[in-house]
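K.L.:
One structure, pasted below without further comment.
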Amino acid sequence: MLIKSKIEELDEWLFIEEIPDLYIPDKPLIEKRIEIRRDPITMTNYQLSTSGLFILHTQMRFHQPVHIYTEVEGEVITSQFIFYKAADSKMPFGMSRHNIRYIPTVKSSHEVKTDVEYSYFIAVISKAYYLNLIKRDSHLHRDFVKNIEKGVYTSYAEQDLVATYEMQHTIQELIESKKSGEIRRLHTESRIVELLMYQFEQYSELGTPATDVFNEEDIQRLELARQILEQRIANPPTQKELASEVLMSESKLRKDFKEYFSVTIHDYLTRIRMEKARILLLAKQMTVYEVALLTGFGHQNNFSSAFKKYYGISPGELKS
């Protein structure tokens, strides 16, 4: 498969990548980081490629309308995510949407709006690689696979859905990984499979697209609630206090948070505390007592019990 993209106003290719369709275990990963700061464009690209797989993560903002031109030669399946908000928005997060698509050879051009901050992630998977990942005759994949076999452009879901916390966290883990060599390959492949799993899971569970359930104001308030929890992990607000800060009733916040992020407020707080604790113990080499305080546990014993329940080992065993 051959993938090319450029900003038409610059008339130069952002990238031209030729990727083998077949999965070749010993083909190395190739990573690239590209930064463009040329009025009216601000763009940062992270690219990763190997046999059967191309990954692109782009953060971009434009001060006047521009057109992004893309060519795909060969049959590919894409896992696509886009996160966006107005550049002058005071809200920490904006809107998001995602889908899985089958794309036969195509050439396309899309206009990008001005003064909108975009974060775009796409995993381009060769047809051969993708069909080896799934059970094509299962009810979950049957209709999608029929269109692939016909060579007809199709989306897995009729409407794009809102990206969950699990999806966003998996994308972040994938692009920020510090692993190398064969471990990096295995980590990348496992995260792609994990991302697809979360997408399939959401499609099968949601009868009504999240974009219909939540309006833009609801989403901004829920994303603000999430940021408050992440920023004040050492001394988080109660659910009542959190609801007051984001201007929602406590019952609506609990209900909407669970539906939007696919996790309760309590479980989400536990998750980010445990992930923060693991990083502090391993990367920062802090004591168990220090980590307990920084993650909002009043007593070291309470922290140790919660950590062991979550990870299956004690903080001391992790450090040893």
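The values are calculated or read from the model by the stated rules, or taken from the named source; none is laboratory data. Just so it is clear, the structure is predicted and the values come from calculations on it, not from any experiment. No Cβ is skipped: glycine too gets one built from the backbone with ideal geometry, and neighbour counts run over all protein chains shown. Ligands, DNA and RNA are stripped out before the accessible areas are found, and what is left, the full protein with its side chains, is counted by its heavy atoms. Shrake-Rupley method; radii C 1.70, N 1.55, O 1.52, S 1.80 Å.
K.L.:
Take the residues in the stretch 283-298 that are farther than 23 Å from ILE228 by Cα, in a loop (DSSP other than H, G, I, E, B) and not basic (Lys, Arg), then tell me which one is nearest to the chain's Cα centre (by Cα).
P.N.:
Ranking the candidates gives ALA283 first.
K.L.:
Working only within the stretch 288-302, note down all residues that are open to solvent by 70 Å² or more (accessible area, probe 1.4 Å) and not acidic (Asp, Glu).
P.N.:
Answer for the stretch 288-302, where residues must be open to solvent by 70 Å² or more (accessible area, probe 1.4 Å) and not acidic (Asp, Glu): TYR289, LEU293, LEU294, HIS299, GLN300, ASN301, ASN302.
K.L.:
Now for a different question. Just name the residue that is farthest from ASP160 (Cα to Cα) out of those in the stretch 82-110 that are surrounded by 18 or more Cβ atoms within 10 Å (Cβ to Cβ) and of a type in the set (S, T, N, Q).
P.N.:
That would be SER96.
K.L.:
So, one more: Can you tell me how many residues within the stretch 226-252 are outside any loop (DSSP other than H, G, I, E, B) and either in contact (Cβ under 8 Å) with a residue 40 or more places away in the chain or in contact with a strand residue (DSSP E or B) (Cβ under 9 Å, 6 or more places away or on another chain) (or both)?
P.N.:
Residues that pass the stated criteria total 4.
K.L.:
Separate question: Considering only the stretch 94-112, I want to know if a residue exists there that is in a loop (DSSP other than H, G, I, E, B) and over 30 Å from ARG226 (Cβ atoms).
P.N.:
yes
K.L.:
Could you look through the stretch 264-312, keep only residues that are out of contact with any helix residue (DSSP H, G or I) (no Cβ under 8 Å at 6 or more places or on another chain) and β-branched (Val, Ile, Thr), and pick out the one that is modelled with the lowest pLDDT?
P.N.:
Among them, the one singled out is ILE279.
K.L.:
Could you tell me which of the residues SER49, SER79 is within 18 Å of the chain's Cα centre (by Cα) and more than 23 Å from LEU161 (Cβ to Cβ)?
P.N.:
Step by step, each of SER49, SER79 is checked, and only SER49 is within 18 Å of the chain's Cα centre (by Cα) and more than 23 Å from LEU161 (Cβ to Cβ).
K.L.:
May I ask you to list pairs of residues, at least six apart or on different chains, whose Cβ atoms are under 6 Å apart, with the first in the stretch 19-47 being open to solvent by 40 Å² or more (accessible area, probe 1.4 Å) and the second being of a type in the set (Ser, Thr, Tyr) and not in a loop (DSSP other than H, G, I, E, B)?
P.N.:
Close Cβ pairs satisfying both conditions: ASP21/SER126; TYR23/TYR129; LYS27/THR50; LEU29/THR50; ILE30/SER49; ARG33/TYR46; GLU35/THR44.
K.L.:
Among the residues of the stretch 187-207, is there at least one that is farther than 30 Å from PRO28 by Cα, polar (S, T, N, Q) and assigned to a loop (DSSP other than H, G, I, E, B)?
P.N.:
Checked against the condition, which is being farther than 30 Å from PRO28 by Cα, polar (S, T, N, Q) and assigned to a loop (DSSP other than H, G, I, E, B), the stretch 187-207 yields no hits at all.
K.L.:
Turning to a different aspect of this structure: I need the full set of residues from the stretch 155-207 which are of a type in the set (A, V, I, L, M, F, W, C), in contact with a Lys or Arg (Cβ under 9 Å, 6 or more places away or on another chain) and closer than 22 Å to LYS258 by Cα, in order please.
P.N.:
Result: LEU161, VAL162, ALA163, ILE171.
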